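Notes to accompany the following structure.
Derivation of every value follows stated rules applied to the coordinates shown; laboratory data play no part. What you see is a predicted model, and the numbers here were worked out from it, not measured in a lab. As a convention, Cβ positions derive from the backbone with ideal geometry for all residues, glycine included, and neighbour counts pool all protein chains shown.
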Amino acid sequence: MTNIFESLKDLFAPMADDERKNPLHIGEVNHFWLLLTLVEEGIMIFELGLNTTTDDQLIHAFTNGHQSAKDVSQRLRTFFINEGIPLPPSSENKPKSDPNAVPLGVKYTDEELVNLVSAKVAAEITLIGQGLALCVRNDACKMFFEIQFEIFKYGSSLKKLMRERGWLKVPPYYYPPGSPN
């Protein structure tokens with residue numbers, strides 16, 4: 001049985017090699033295309049949050065998420081252009097607005113906003129995991145892995161904030177029949 005270090009060496013060694021780049025296969029393209037769509041729609045969600053909340057910690061979290069999503073979007077767009085992949089349509093950027101001017105019937109609560117962002121993060125992590133599982137090209141694997149690591153970092157700090165505020169939605173605990181209380 002291999003240990004963790006051998007597994008990591010086996011994972012990263014091919015990425016350092018100068019492999020011949022075959023075209024991306026349809027599964028890789030599909031997952032990258034969907035990821036770019038999710039990331040760019042996430043930019044709109046961060047802008048919505050920044051235009052709605054007055055909470056300093058959420059403003060900080062949304063600002064960091066917004067910048068990270070813009071960076072990932074730019075990296076993916078450059079990759080798409082270099083690979084000849086058509087770019088998906090994206091939503092327009094939201095103009096800056098005053099959070100106190102948003103009518104209450106339309107305004108998201110801070111808890112709703114942070115849970116929307118959390119759901120987006122979970123969807124991106126799941127999609128990237130699927131993309132990694134079917135990925136053949138080493139450079140594509142590396143890009144998926146790097147983006148997933150960034151999202152993990154952001155998601156863990158967001159979860160900490162959600163836990164502190166009591167906003168983390170936890171499913172009911174499962175107790176198998178016959179288990180001790």
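Before moving on, here are some points about what is shown:
- Cut-off 20 Å (backbone N to label point 7 Å along Cα→Cβ of Asn93), residues of the range 139-168: none
- Added length on full extension, which subtracts the Cα-Cα distance from 0.36 nm per residue, Ala123 to Val136: 2.5 nm
- Choice from Gly84, Gly129, Gly49 showing the highest fluctuation, given a GNM over the chain with Cα pairs closer than 10 Å: Gly84
- Potential extension, Asp110-Tyr173 segment - 0.36 nm per residue separation minus Cα distance: 20.1 nm
- Thr78 paired with Ile59, simple spin-label distance in nm, labels 7 Å along Cα-to-beta-carbon: 3.1 nm
- Charge dipole magnitude, Cβ of K and R +1, D and E -1 - the chain, Cα centre, debye nearest 20: 200 debye
- When the Cα positions of Val72, Gly105, Leu168 are compared along the charge dipole of the range 68-181, Leu168 comes out farthest toward the positive end, with charges on each C-beta of Lys, Arg, Asp and Glu.
- Of Asp56, Asp139, Asp110, the residue with the greatest mean-square motion in the GNM of the chain, using alpha carbon springs below 10 Å, is Asp56.
- Sparse packing (at most 14 other Cβ atoms within 10 Å of the Cβ) combined with a DSSP loop state is found for the following GluC sites (Glu not before Pro) in the range 24-101: Glu92.
- Dipole-positive endmost among Phe152, Ile128, Asn138 within the range 117-181 (Cβ charges, Cα centre): Phe152
- Of the residues Pro86, Pro23, Pro171, the one that moves most in a GNM of the chain with alpha-carbon contacts below 10 Å is Pro171.
- Distance from the range 69-141 to the range 153-175 (C-alpha centre basis), Å: 20 Å
- Site pair Asn100 and Gln67 shows an inter-label distance of 2.6 nm when each label is modelled 7 Å from Cα along Cα→Cβ.
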